[in-house]
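Visitor: After the C-alpha cells below, expect a handful of questions from me.
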Amino acid sequence: MLVAMVLVLFASQALCVEAARGLRLSRDDDPVIDGFAWDSLTKITGVDVGDHLEKSGEGGPESLACTEKPGPDRLDCPAAISAWTELTDDTGNIAIKGGRCRSATKGACRATACAPGQDISVGLDEITGRMWNPVSMRCVLGGTGGIWQNEGSTLVIELDRP
C-alpha cells in the first residue's frame with residue numbers, strides 16, 4: 001500500500017512538472033516585432049481607434065480609453081513592452097514613419113505605437129512609459145486593452161490581445 005502511494009505521488013509530480021514546462025515554453029519565445037500601416041490598425045487589432053479616442057490622428061487632445069474585454073494577458077505585457085528596447089536607434093529614440101505603426105507582440109499581448117500623421121522620433125521612455133502608465137495601470141490591469149494618444153495626436157499607443 002505504501003509503495004503504491006509513493007508511486008502515485010511520483011507520477012502526479014512528474015505530470016505537474018510536464019504541465020508547468022508546457023506553460024513556460026510559450027513565455028520563452030522571443031517577441032514578434034512588426035510594422036504596418038496606420039490605416040490597417042483597426043483590421044489588425046480589431047479595435048477602431050475612432051470609437052475610443054476623440055479625433056485620433058487629427059490633432060486631438062491627450063486622451064486615454066479602455067477597450068472592450070478581454071484585454072491582453074497582463075503577464076505577457078511586460079515582455080512585449082520591454083521588446084521596444086530592440087527598436088531604438090543610436091540616440092535611444094524610436095523612429096516611426098508617418099502613417100505607420102510598429103508593434104511588439106509577446107504571447108497574448110501586443111504593444112503598438114503609431115504615427116498617424118508625420119514621421120516622428122520619440123524617446124524610448126516616452127513610448128514605454130505611456131504603455132506602463134496610463135495604459136497598463138488603468139486598462140490592462142482591469143482586464144481590458146487600452147489606447148492613448150498624446151496632445152496633437154502625433155503618437156498613438158495601444159495595448160491589446162493579438
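Visitor: Just to confirm a number: summing +1 for Lys and Arg and -1 for Asp and Glu over residues other than ILE94 whose beta-carbon lies under 13 angstrom from that of ILE94, what do you get?
Guide: Net local charge, ILE94 excluded: -2.
Visitor: Where the only charges are on Cβ atoms (+1 Lys, Arg; -1 Asp, Glu), what is the dipole of region 31-160 about its Cα centre, to the nearest 20 debye?
Guide: Roughly 280 debye for region 31-160.
Visitor: Something else: Give me the net charge for the shell around ASP34: Cβ to Cβ below 10 angstrom, other residues only, Lys and Arg +1, Asp and Glu -1.
Guide: Result for the neighbourhood of ASP34: +2.
Visitor: Send over the Kirkwood Rh of region 31-160, from the inverse of the averaged 1/r over different Cα pairs, rounded to one decimal Å.
Guide: Final number for the Kirkwood radius of region 31-160 is 14.1 Å.
Visitor: To make sure I understand, if each residue's beta carbon is the centre and we count other beta carbons within 10 Å, what order do CYS114, CYS101 fall in, fewest to most?
Guide: Arranged by neighbour count, lowest to highest, CYS114, CYS101 become CYS101, CYS114.
Bear in mind that the values in this text are calculations on the coordinates, not laboratory data. Everything numeric in this text was worked out from a predicted model, so none of it was measured. Please note: Cβ atoms are built from the backbone with ideal geometry, for glycine as well, and neighbour counts cover all protein chains shown.
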